[in-house]
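The values are calculated or read from the model by the stated rules, or taken from the named source; none is laboratory data. Source: prediction; values computed, not measured. Cβ placement follows ideal geometry from the backbone for every residue including glycine, while neighbour counts extend to all protein chains displayed. Side chains included, ligands, DNA and RNA excluded: accessible areas come from the protein's heavy atoms. Shrake-Rupley method; radii C 1.70, N 1.55, O 1.52, S 1.80 Å.
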Amino acid sequence: MVDDNSYIIDEFDKKLIRLLQENSRMKNTDLARELGVTEGAIRKRIKKLVESKYIDKFTIKLNETKIQSTSAIVQIMIAGDMGPGGIRDEIIANVKGVEEIYEVAGEVDLFCIFNTVGEF
């Protein structure tokens, strides 16, 4: 396993990441052909990127014209003894539909992005 801090991405990794952002289901053989390397080299690079936490997860983007969903950005102002990190980690992170949580400075303590997918 690669140490989180020991692997530094290079230009090749950045090109690979861009291709995966466009289509995370792209086959390793197609990625290899696009980048001019072997399939094994792609497999090893993806493994390093995942193990070193540059890639957190592979996911999908839904076609919102086909699937009914609701998205919301919620501002949270905290009153009480628990700080933003505690609220984020212990409460909000476990709520269904939370995609991202941002801790911010100012009157608002947290911004949360929610996305729920309806029946389809």
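If you go through the stretch 1-9 one residue at a time, do you hit one that is under 19 Å from the mean Cα position of the chain (by Cα), within 30 Å of residue 116 (Cβ to Cβ) and either at pLDDT 95 or above or hydrophobic (A, V, I, L, M, F, W, C) (or both)? Checked the stretch 1-9: no residue is under 19 Å from the mean Cα position of the chain (by Cα), within 30 Å of residue 116 (Cβ to Cβ) and either at pLDDT 95 or above or hydrophobic (A, V, I, L, M, F, W, C) (or both).
Contact map, the stretch 14-29: first residue in a loop (DSSP other than H, G, I, E, B), second residue of a type in the set (Val, Ile, Thr) and open to solvent by 50 Å² or more (accessible area, probe 1.4 Å), Cβ cut-off under 9 Å, separation 6 or more or different chains; pairs are 24/59; 24/60; 25/60. Counting residues in the stretch 74-95 that are within 24 Å of residue 24 (Cα to Cα) and β-branched (Val, Ile, Thr) gives zero. The set of residues in the stretch 16-31 that are of a type outside the set (Asp, Glu) and surrounded by fewer than 13 Cβ atoms within 10 Å (Cβ to Cβ) comprises 18, 21, 23, 25, 27, 29. Here residue 82 fulfils each of the conditions (1) open to solvent by less than 90 Å² (accessible area, probe 1.4 Å); (2) in contact (Cβ under 8 Å) with a residue 40 or more places away in the chain apart from (2). Candidates 113, 76, 92, 60: the one that is surrounded by 10 or more Cβ atoms within 10 Å (Cβ to Cβ), closer than 30 Å to residue 9 by Cα and out of contact with any Gly (no Cβ under 8 Å at 6 or more places or on another chain) is 113. If you take the residues of the stretch 95-110 that are charged (D, E, K, R) and either within 17 Å of residue 61 (Cα to Cα) or open to solvent by less than 70 Å² (accessible area, probe 1.4 Å) (or both), which of them is farthest from the chain's Cα centre (by Cα)? Filtering the stretch 95-110 for residues that are charged (D, E, K, R) and either within 17 Å of residue 61 (Cα to Cα) or open to solvent by less than 70 Å² (accessible area, probe 1.4 Å) (or both), the one farthest from the chain's Cα centre (by Cα) comes out as 109. Only one of the numbered conditions (1) in a helix (DSSP H, G or I); (2) open to solvent by less than 100 Å² (accessible area, probe 1.4 Å) is not met by residue 34, and that is (2).
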